[in-house]
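Since the structure comes first, as structure tokens, the remarks are kept for the end.
Nothing in this text is a laboratory measurement; each read-out follows from the coordinates by a stated rule. Everything numeric in this text was worked out from a predicted model, so none of it was measured. Glycine gets a Cβ as well: all are built from the backbone with ideal geometry, and neighbour counts include every protein chain shown.
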Amino acid sequence: MSKYYNTTNAYGDLLKDYEARAISQDEVVIGVFRIYKKPLSPSMILELSGMNCPLTSVRRSMTNLTREGKLEKTDTKVNGIYDRPEYLWKLLKKKVAKNKGKEIQGKLDLN
């Protein structure tokens, strides 16, 4: 599944560039969560990361990372940069458990 939502019907090299940027943004978002070690909103991520991109790109990245099991949306809201409520997300870390000689992947809640 592509991390870039091709709503403008880009193609060729331009589409490849957009997809690469989306992957890079996901890596930056995860990095911010790892550095700050606390729940964050999309606006907080944009401000802390220094990324020069639309807030919707940060939200897209956080949605992708949530679907991948790397982030989890909390029930807590804070006011964002547009003075509108935004949910906080938290980082989930993968843990590996042993079960009768087989490794099982699971989620570990860091908060």
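Details
- Ascending count of other beta-carbon atoms within 10 Å, so fewest first, for LEU71, LEU48: LEU48, LEU71
- Residues ILE35, ILE81, sorted so that the one with the fewest Cβ neighbours within 10 Å comes first: ILE35, ILE81
- Near the amide H of GLU86, within less than 5 Å, lie the amide hydrogens of VAL78, ASN79, GLY80, all on another chain or at least 5 residues away, with H placed in the peptide plane.
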